[in-house]
Amino acid sequence: AQKVTQAQTEISVVEKEDVTLDCVYETRDTTYYLFWYKQPPSGELVFLIRRNSFDEQNEISGRYSWNFQKSTSSFNFTITASQVVDSAVYFCALNTGFQKLVFGTGTRLLVSP
Amino acid sequence: NAGVMQNPRHLVRRRGQEARLRCSPMKGHSHVYWYRQLPEEGLKFMVYLQKENIIDESGMPKERFSAEFPKEGPSILRIQQVVRGDSAAYFCASSPPAGAYEQYFGPGTRLTVT
């Protein structure tokens, strides 16, 4: 069975702090994709990144970076120098080729000025 | 190139009424997925459709819920005799025939049952 765990329900930081959102996944498939989505207060889902199981290189995009470690089945997301606009719920998701995405329960990030 | 469109964005229904949610996939996409997000929860898969076919409905409640994706027109998620517990955000996603690992989400329909 596939499962995604986001143990952090809510995180509060002050602007300019760095913050890491944890994601641990479970699957027996050797080929799979991992995703992060952002859900701002307006409610839509914003795609942030996709990573396939054969590519363990870390990725950086501006203030965002992702650390994929197959050895620990983790795909963590770090926001550097957080901003108030980063306040949102962040979802980690897994796709193993059976088409459906399996989502974690989300981490609510609150960034205060 | 328009993204995935869903309408209505907000829908209010009284208990016992029917709710119809529409989803128009991105141009060139022939795969549609529906997900439900209950209040304060993550998204849960409901159903996966291709044109005129239901491929996987393992996440659909057994009663009152149905989905279709006709040859022409949008995909429809239909909820009959709605109950308060159906209040949720319903998201549609689409993907192209190849590269189905990547799904593009619509803005969602927020259903409120009074």
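Every condition in (1) part of a strand (DSSP E or B); (2) facing chain A (nearest Cβ under 7 Å) is met by B:Tyr101 except one, and the failing one is (1). Of all the residues that make up segment B:19-29, how many are out of contact with any strand residue (DSSP E or B) (no Cβ under 7 Å at 6 or more places or on another chain) and either open to solvent by less than 70 Å² (accessible area, probe 1.4 Å) or acidic (Asp, Glu) (or both)? Selection size over segment B:19-29: 1.
Annotation note: of B:Val32, B:Val12, the sole residue that is β-branched (Val, Ile, Thr), within 25 Å of B:Thr112 (Cβ to Cβ) and open to solvent by 20 Å² or more (accessible area, probe 1.4 Å) is B:Val12. Could you tell me whether any residue of segment B:28-41 is under 17 Å from A:Leu45 (Cβ atoms) and basic (Lys, Arg)? Yes, segment B:28-41 contains a residue that is under 17 Å from A:Leu45 (Cβ atoms) and basic (Lys, Arg).
For (1) in a loop (DSSP other than H, G, I, E, B); (2) of a type in the set (A, V, I, L, M); (3) out of contact with any strand residue (DSSP E or B) (no Cβ under 9 Å at 6 or more places or on another chain), each residue gets a yes or a no:
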{"position": "B:Glu41", "(1), (2), (3)": "yes, no, no"}
{"position": "B:Val47", "(1), (2), (3)": "no, yes, no"}
{"position": "B:Lys62", "(1), (2), (3)": "yes, no, yes"}
{"position": "B:Ala67", "(1), (2), (3)": "no, yes, no"}
{"position": "B:Gln81", "(1), (2), (3)": "yes, no, yes"}
{"position": "B:Phe91", "(1), (2), (3)": "no, no, no"}
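Among the criteria (1) at pLDDT 95 or above; (2) buried (at least 17 other Cβ atoms within 10 Å of the Cβ), the one B:Ser95 does not fulfil is (1).
Only residues that are under 18 Å from B:Gln6 (Cα atoms) and loosely packed, with under 13 Cβ neighbours inside 10 Å were counted across segment B:43-91, and they come to 4.
The values are calculated or read from the model by the stated rules, or taken from the named source; none is laboratory data. Quick caveat, the model's predicted, so the values are computed rather than measured. Methodologically, a virtual Cβ is constructed for each residue, glycine included, from the backbone with ideal geometry; neighbour enumeration extends over all protein chains shown. Calculation scope for accessible area: heavy atoms of the full protein, side chains included, ligands and nucleic acids excluded. Shrake-Rupley method; radii C 1.70, N 1.55, O 1.52, S 1.80 Å.
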